[in-house]
Amino acid sequence: MTITLDFSDKTVVVIGGTSGINRGIAERFARAGARVAVASRSQDKVDDTVAALTAAGAEKAMGLAFDVRDPEAVAAGLAAIQAAFGAFDVLISGAAGNFPALAADMSVNAFKTVIDIDLMGTIHVMKAAYPFLRRPGASVINISAPQAFLPYEGQAHVCAAKAGVDMITRTLSLEWSPEGIRINSVVPGYIADTEGARRLAPTEKALEMVRRNIPQGRLGNTQDVANACLFLGSELASYVSGQVISVDGALYQRGSGQLGQMIGQMLRNPPRTDT
Ligand code: COA
Ligand code: NAP
């Protein structure tokens, strides 16, 4: 079966789009012919991504460096993208930070850092983008995580932040539907060769344990997540809004069980690095 979705003459904005899953999403929309803009903190990562998007076939590509924790910088950045590329047809908000740490061992600032990036960063992006979303027709996608609805040891900060992200998604679907704006969350499972997966399963043994727990028998890849975003960004999904959609090979139908415990055990008995 050949499936082609054409995003030519569409503006796609990917916040946190310069590595891993989000970059895979940006490149997928570039291959579909969109004008693609990305943003993250590192100018080097932005420049590298813009070159890749152009090579992948984007109608136009641009990138900006800013931190989602700074609402004024986010507002200025999104205004610059709108001035260059026009109203946003698809907005993906996926900037995030994570590290495993038990709540009792974590400083208040460590907890707050993840809340500030994942949760406050999301609302900064939503508020700054709102005036620039195409009406009717825009599709907003927040990149969430299984921690939003499953507790994991060592992840209190991420669980709290991503649960909030999904409630932003669900609430804004009520507020924005009358204007013809859709909004959904996409929840990646364990995605191979990404920073997020490396931080939670840093050894081959841990990864093997993850793999054994995935009903489909493999880790996900960035294209699995990008394809779901392509669908949600397209008119095929015109009646889908306010949803939290997992792309995880059915992993989380098992619950967090062993995987949540694995992170706690790793923190209490760190793997030896001297052997
Ligand atoms: N365990 C416990 N606390 C940690 C930690 C860890 N592994 N890593 C950072 N922290 C704490 C720091 O000690 C600091 O707290 P303190 O001021 O009380 O000492 C706080 O978190 C902020 O750390 P800092 O390094 O100043 O934050 P930053 O803004 O420079 O970076 C992070 C943010 C920590 C989230 C960093 O890991 C990052 O930039 N991540 C982006 C990439 C990523 O996480 N990818 C996976 C996405 S799922
Ligand atoms: P990643 O490669 O570290 O990507 C994070 C992106 O966000 C990078 O582009 C990073 O670029 C940017 N970023 C981080 N902090 C930022 C900030 N304060 N302001 C602006 N940009 C910032 O991680 P990933 O593993 O691919 O994760 C991507 C998304 O998927 C995240 O939302 C994560 O929660 C979610 N997720 C991942 C997995 C997984 O298996 N990897 C599973 C479930 C959910 P800079 O460093 O340049 O800022």
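The values are calculated or read from the model by the stated rules, or taken from the named source; none is laboratory data. Just so you know, these numbers come straight off a predicted model, no measurement behind them. Note that we place each Cβ from the backbone using ideal geometry, even for glycine, and neighbour counts take in every protein chain shown. The area values use the complete protein model at the heavy-atom level, side chains included, leaving out ligands, DNA and RNA. Shrake-Rupley method; radii C 1.70, N 1.55, O 1.52, S 1.80 Å.
Before moving on, here are some points about what is shown:
- Amide H contacts of residue 97 (H built 1.01 Å from N, in plane; Pro and chain starts excluded): 118 sit under 5 Å, all sequence-distant by 5 or more or on other chains.
- Here the chain is treated with +1 on each Lys and Arg Cβ and -1 on each Asp and Glu Cβ, and its dipole about the Cα centre works out to around 400 debye.
- Cα centroid separation, the stretch 189-250 to the stretch 49-82 (Å): 24
- With one equal scatterer per alpha carbon and no solvent term, the Debye-computed log10 I(q)/I(0) for the chain at 0.13, 0.14, 0.15 1/Å reads -0.83, -0.96, -1.10.
- Nonpolar atom fraction for the stretch 128-275, defined as the carbon and sulfur part of the 1.4 Å probe accessible area, stands at 52 percent.
- Remark: the stretch 138-207 is approximated by an ellipsoid whose semi-axes, taken from the C-alpha gyration tensor as √(5λ), come to 29, 14, 7 Å, largest first.
- Separation in nanometres of the label points that stand 7 Å from Cα toward Cβ, at residue 108 and residue 272: 4.0
- Gain upon complete extension [residue 203, residue 236; 0.36 nm per residue less C-alpha separation]: 7.9 nm
- 28 Å Cα-Cα reach of residue 205 towards lysines, excluding residues that sit fewer than 8 places from it in its own chain: 162
- Amide H to amide H, with H built 1.01 Å from N, residue 242 comes under 5 Å of 183, 184, counting only residues 5 or more places away or on other chains.
- The length gained by stretching the chain between residue 6 and residue 87 to full extension, at 0.36 nm per residue less their Cα-Cα distance, is 27.4 nm.
- Rounded to the nearest 10 degrees, the inclination of helix 20-31 to the longest alpha-carbon principal axis of the chain is 30 degrees.
- Packing-based order for 103-115, 185-197, using average beta carbon neighbours within 10 Å, highest first: 185-197, 103-115
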